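The values are calculated or read from the model by the stated rules, or taken from the named source; none is laboratory data. All of these numbers come straight from a predicted model, not from anything done at the bench. No Cβ is skipped: glycine too gets one built from the backbone with ideal geometry, and neighbour counts run over all protein chains shown. Side chains included, ligands, DNA and RNA excluded: accessible areas come from the protein's heavy atoms. Shrake-Rupley method; radii C 1.70, N 1.55, O 1.52, S 1.80 Å.
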Amino acid sequence: MHTLTSVVDGLVPAATLATDTLSPAGETVSGGIFSVAPLLVGLPLASAAILLLLGRRADTWGHWLGVLASAGAFVVGLLTFLRILDRPADERVLDVHLGTWIDAGAFHLDAGMRLDPLSLTFVLLVTFVGTLIHVYSVAYMEHDADRRRFFAYLNLFVAAMLVLVLANSFLLLFVGWEGVGLASYLLIGFWNHHMPYAVAAKKAFVANRVGDLGLLIAMGLMFAHFGALDFATVLDDPAAHASEGTLTAIGLMLLLAACGKSAQFPLQSWLGDAMAGPTPVSALIHAATMVTAGVYLIVRSGAVFEAAPDAQLVVVIIGAITLLFGAIVGCAKDDIKKALAASTMSQIGYMVLAAGLGPVGYAFAIFHLVTHGFFKAGMFLGAGSVMHGMDDQVDMRRFGGLARYMKITWITFMMGWLAILGIPPFAGFFSKDKIIEAAFIPTDGAQWRAWVFGTVALLGAGITAFYMSRLFFMTFEGERRWTTKRDGSEQHPHESPALMTWPMIILAVGSVGLGLVLSLGGRFVGWLEPVTGHAEHGEPVLPEWLLIALTLAVVVVGLVVAWRRYAVSTVPVVPPLGTALTRAARVDLYQDAVNDAVLVEPGQHLTRSLVYADHAVVDGGVKGLAHSTVGLGSLLRRAQTGYVRTYAATMLGGLVVLLVVVLVVQS
Amino acid sequence: MSFTAPDIAWGALSPVLIVLAAGVLGVLAEAFVPDRARRPVQLTLTFGALVGSIVAVAALWSGVKSDGGHDVLDGSLLVDGPTLVLQGAIAVLTLLALLVVADRTATGEDAFAPTAASVPGSEYEELARSKGITQTEVYPLLLLATGGMMILPATGDLLTLFVALEVLSLPLYLLTGMARRRRLLSQEAALKYFLLGAFASALLIFGVALLYGYSGSLRYAEIAVAVGDPSSLDGLLLVGSVLLLVGLLFKVGAVPFHAWTPDVYQGAPTPITGFMAACTKIAAFGALLRVYYTVFPGLQWDLDVLLWTVAIATMVLGTVVALVQTDIKRLLAYSSIAHAGFVLTGVIALDEAGITAVLFYLLAYGVATIGAFGIVWLVRERSVVPLGAAADGDDNTLADDEGGDLRTTVLGEATHLSQWAGLGRTSPVLAGAFALFLLSFAGIPLTAGFIGKFAVFSAAVEGGAWPLALVGVLSSAAAAFFYVRIIVLMYFTPAAHEATQEGAVPATAAGTPAAAEPAAAEGTDVALATEGGTTAVATLVEPSAPTTTTTVVPSEGLAAVAIGVCALVTVVLGVFPTPVLDLISDVARFLP
């Protein structure tokens, strides 16, 4: 590993750069704590390798090694964070040089890590929540014979996610991007001996490939216009190197990549199906970390989007569509995990919307991302705890009245619920309300944008309140609607073991206090400023107090409606027919049907015609039958009959044609 | 008249001499070493020769790097940087191919017919098979072919070029016809290869004659000088150079001289297919590079149109036809045709970056090819029949793990694509390696194939051939479709026998209630995959009975080592290509 060995001598003292605005060119650092930064990736990666290589021999202790590696990465992250915090605000963007990676003629790329407030925020979130979920999984996966392999994949995921956020070039980011894709695919399909899970993995695979294509094309465009792929070159005043049209294209391709990874419209359909994987995976990957990578990509590439307002507008539109889409779908889902997945989709819609608002929104997008990471992961773990106690039942119509039996799960879930609703002083109030407020600020003086996007964000808050309350009441309140277990015996809901409840408790504490702590004195926004740049705070079209009051009002309306329908009155065990909208929402607003019609059907027609051509052409050759096929097909048949004389004739014919061409061109 | 013996620099010839000498020794060993000891002796000899050859290349390296190399045998052979790179690459890849060739299944069965001379289906063949006879002539043949391949890119005159081409071809014709299974197909392929190869050789030697007529010399350097002087014999020169190029383009399998490729790749014993696909292509492209760069640069304007036409046709046809293949070996054959087109774009670039790019591409492609065919060799059909119905005298029967009333027999390779469905679940590691090679073929970043494609296309753009690069990128994109289709097939499509089971038993363990949606989508996939018929030349392909399943045959593990090394190299070259690129570009200059 020449990269790791060259870390120490690759560090060179470098000049300090003024970083008062967007600062893509980081300072190169030397010595001290920063030389251990590669351990962030190294620890979980090494652990994954050990667990996979040792195989069954590591079965007895493997899961603890996994926990330890993740916790170790958190400690390293924390130390790095503290060191960076010591530095003045304008010296907080650092590049740790790891060595030359690729030197292929015109293409030169150094491998390195970008340590700055943005990446460190992610590092802390990923390793902290990741470690809690590792601990939780020790108990959750206890009865699985392949628990060690599961932890190897979890470690692999953490390592890849850290590569993604620590990369200092788009290509290295792509390594992490593919790595999390691979790890998530391994984890979703972990129980891949069951068909639906493998199908879910396939759907995620395809949606992510479409997204990857976007990232690849974006990188191709960057290389063509900037001649480089590192953040320092590309993000340093991109408008100077490329036209606005090019930047718009790059921005849209990056957005496509973000849509694939973050389950945004129109590539969102895989997220609900991905819930087939083990619940801790949903908590880690589909709530706190991987699905937020798209938001990271957009915020990181902020300079490109700022130079391409059209692309930026598309980002906002996509965010707005997805936040409504996810919220509506969330109202109709009866599967607790799918309802949470729809909610995740919707909340990431909020983040994407904020990220599309430019510097005003970046900090809020990341802020909401962090708080959401806590409360949503907590709620997923809570859902896992409920499933654990209810014999893996996921249908909320078969829950009810669980509050009495699972007190810790109930209370921790309640904290997450209040946080996502945005009730003060819970975390979501500070992060989501800021996004709603930012959406109401006119961009470039365009009043209509403020009204449209602001209203959508406000409306979304109300729907969120409704479906999250519905979820909460259907699960924990009301009367019992339990079925028997799979083996026919009575359900005996019980609290989960301490290894599972403690992570939930810690995440619940975060759901309660994190928003307040981080927003005091604009602390978090200030911390991110070296990356996001300082944004002049425009005035929203409505006064701030009115916005807060309005938001709270729609939230309370949503909550009360849910209370009346799902806590006070009887919830039918069999889903009622519902309105047309409910029926549409149950099937993800016909997303799969649309996908089928737009993508799958033409694809299948194409393959079918290819197979038909194959059938007719190749079989025709064998049987010597004079199938009258047309076009390419007949050409191929004639070319590949299996007769040597035909082949020789082809060669001779080809030779003659080439000779004629050469001679004609020459004369 | 006195004969002056030329001064021979034996040292510079050592990589080739070691291999050829070992090949000759191998022939002697066939005659004198007792039956039982032949395999170990031949293996040791072959392995030792290839390692020795690699060491010899390494020993010559620094000298060539500093002085640019020199000619030996009075200019018949040129030992310069590209020669060493190509010889080293051929030796390394042959070594990897040797591991696959030498591997045997757990029942001691290799890829070759017990007696290639026996009539297929005859009693004599059956007798040889039941006696467990194996052929070790394979190894000297392999060495002789390798020797020819190592000479080909080093040649300094046209006659040596022709001789080298024949030295490499003749053993390959033989090896092609020696498959253990589907022997008629194999023999048919060998005959086709031989006839068409002879045809191509005739064209080449005709070209040589015309060039000699034009220039009065066979030496590259002297012809290159003559090309610079315009004369009234331009017609001879043009026709001669076209014929010469055609002879070489035949070996690389470029359109329209590709027709042999699918049939031969399909019929040949799979380990030989891998060897042939990787090493022949490297050798022939090496010679093509040298001829195009040192003999015909003066003719660039005239020959460009030929190479452009051929390159575009090769990329497009290879990709388009690969899309409709249902046999894995034919699919890989068409994919290798498309790759020949990609390499040609690098050749056309006609600059130093082009040489490095082509050499790197060939290495990346060769490694993935040997690995991929190694896997094809391991993936077999298995028939499950009740014990009573099984034929007697079958030495391939594996011990059955389920009980005594069934009997499983490992048959030939499962080459129909539908048989690869679900391999990702039954053999995740092997399928993962195959997926890796496919991704490298497709040129996805972080694999060697990506760096190779990037290098040849950027060399083409630098050389002003951007339309070629564009066609290349578009065909790569289209080609990615059929590579990814196989990955999807392996990982997401249930095997035919699994699908029925899964349909009957809904998933019950933890998680969501079983979704009903997959059935429909999956059903069509399976239907599509199994619908395709047999192949064009499949004169002897047995229709697979409903009781056959797909399995990975347990082997002695040599092939697994080769596959592992190939996978590792594919990743390492993809992630850290710089050292190898530097190594190549340090010496990528032809002697004039």
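Residue under question is A:Val370, and the condition is that it be within 14 Å of chain B (Cβ to nearest Cβ) and either farther than 23 Å from A:Cys331 by Cβ or open to solvent by less than 20 Å² (accessible area, probe 1.4 Å) (or both); does it hold? No: the conditions fail for A:Val370. Evaluate the following for A:Pro266: is it in the same structural domain as A:Ser343 (by the TED database) and open to solvent by less than 10 Å² (accessible area, probe 1.4 Å)? The answer is no for A:Pro266. For beta carbons closer than 6 Å, sequence separation of 6+ or different chains, a first residue in region A:522-534 that is in the same structural domain as A:Leu357 (by the TED database) and a second that is outside any helix (DSSP H, G or I) and surrounded by fewer than 22 Cβ atoms within 10 Å (Cβ to Cβ), the qualifying pairs are A:Gly533/A:Thr21; A:Gly533/A:Leu22. A:Gly277 meets all of the listed conditions (1) surrounded by fewer than 22 Cβ atoms within 10 Å (Cβ to Cβ); (2) not basic (Lys, Arg); (3) not in a helix (DSSP H, G or I) but one, namely (1). For region B:328-357, filtered to residues that are closer than 30 Å to B:His416 by Cα and among the charged types (D, E, K, R), the residue that is surrounded by the fewest Cβ atoms within 10 Å (Cβ to Cβ) is B:Lys329.
Scanning region A:460-476 for residues that are among the polar types (S, T, N, Q) and open to solvent by 10 Å² or more (accessible area, probe 1.4 Å) yields a total of 0. Being closer than 25 Å to B:Phe285 by Cα, in contact with a Leu (Cβ under 6 Å, 6 or more places away or on another chain) and assigned to a helix (DSSP H, G or I) is a description that does not apply to B:Leu78.
Only one residue in B:Leu195, B:Leu245 is open to solvent by 10 Å² or more (accessible area, probe 1.4 Å) and outside any loop (DSSP other than H, G, I, E, B), so which one is that?
B:Leu195
A:Met390: in contact with a Phe, Trp or Tyr (Cβ under 9 Å, 6 or more places away or on another chain) and farther than 19 Å from A:Ala508 by Cβ, yes or no? Judged against the criteria, A:Met390 is a match. Screening A:Val76, A:Val96 for residues that are crowded, with 20+ Cβ neighbours inside 10 Å, modelled with pLDDT under 85 and among the aliphatic types (A, V, I, L, M) leaves exactly one candidate, A:Val96. Of the candidates A:Arg481, A:Arg486, A:Arg449, the single residue that is of a type in the set (D, E, K, R), outside any loop (DSSP other than H, G, I, E, B) and in contact (Cβ under 8 Å) with a residue 12 or more places away in the chain is A:Arg449. Would you check which residues across region A:126-137 are open to solvent by 10 Å² or more (accessible area, probe 1.4 Å) and over 13 Å from A:Ala69 (Cβ atoms) and list them? If the condition is that a residue be open to solvent by 10 Å² or more (accessible area, probe 1.4 Å) and over 13 Å from A:Ala69 (Cβ atoms), then A:Phe128, A:Leu132 are the ones that fit. Taking each residue of region A:307-326 that is in contact (Cβ under 8 Å) with a residue 40 or more places away in the chain and in the same structural domain as A:Ser343 (by the TED database) and looking for partners that are open to solvent by 40 Å² or more (accessible area, probe 1.4 Å) and of a type in the set (Gly, Ala, Ser) with beta-carbon atoms closer than 7 Å, six or more apart or interchain, yields A:Ala307/A:Ala239. Tell me whether region B:451-458 contains one or more residues that are aromatic (Phe, Trp, Tyr), within 11 Å of chain A (Cβ to nearest Cβ) and in contact with a strand residue (DSSP E or B) (Cβ under 9 Å, 6 or more places away or on another chain). Yes, region B:451-458 has at least one match.
Which residues, taken from region B:221-233, are in contact (Cβ under 8 Å) with a residue 24 or more places away in the chain and over 11 Å from B:Pro297 (Cβ atoms)?
B:Ala221, B:Ile223 - these are the residues of region B:221-233 that are in contact (Cβ under 8 Å) with a residue 24 or more places away in the chain and over 11 Å from B:Pro297 (Cβ atoms).
Contact map, region B:243-265: residues that are touching a residue at least 60 places away in the same chain (Cβ under 8 Å) and within 17 Å of B:Leu165 (Cα to Cα) paired with residues that are of a type in the set (Phe, Trp, Tyr) and not in a helix (DSSP H, G or I), Cβ distance under 7 Å, separation 6+ or inter-chain. Pairs shown: B:Leu249/B:Phe257. Could you check region A:325-339 and list, in sequence order, the residues that are touching a helix residue (DSSP H, G or I) at 6+ places or on another chain (Cβ under 6 Å) and either away from every other protein chain (no Cβ under 11 Å) or open to solvent by 20 Å² or more (accessible area, probe 1.4 Å) (or both)? Matches in region A:325-339: A:Gly326, A:Ala327, A:Ile328, A:Val329, A:Gly330, A:Cys331, A:Ala332, A:Lys333, A:Asp334, A:Lys338, A:Ala339.
Pull up region B:257-309, narrow it to residues that are away from chain A (no Cβ under 13 Å) and of a type in the set (Val, Ile, Thr), then point me to the one that is surrounded by the fewest Cβ atoms within 10 Å (Cβ to Cβ). Looking at residues that are away from chain A (no Cβ under 13 Å) and of a type in the set (Val, Ile, Thr), I get B:Thr294. Anything in region B:199-219 that is open to solvent by 40 Å² or more (accessible area, probe 1.4 Å) and part of a helix (DSSP H, G or I)? List them, or say none. If the condition is that a residue be open to solvent by 40 Å² or more (accessible area, probe 1.4 Å) and part of a helix (DSSP H, G or I), then B:Phe199, B:Ala202, B:Ile205, B:Phe206, B:Ala209, B:Tyr212, B:Gly213 are the ones that fit.
Looking at region B:114-186, what helices (runs of 4 or more DSSP H) fall wholly within it and have at least 2 residues that are touching a helix residue (DSSP H, G or I) at 6+ places or on another chain (Cβ under 9 Å)?
Details: elements: B:123-130, B:138-151, B:158-176.
Filter on region B:114-186 gives B:138-151, B:158-176.
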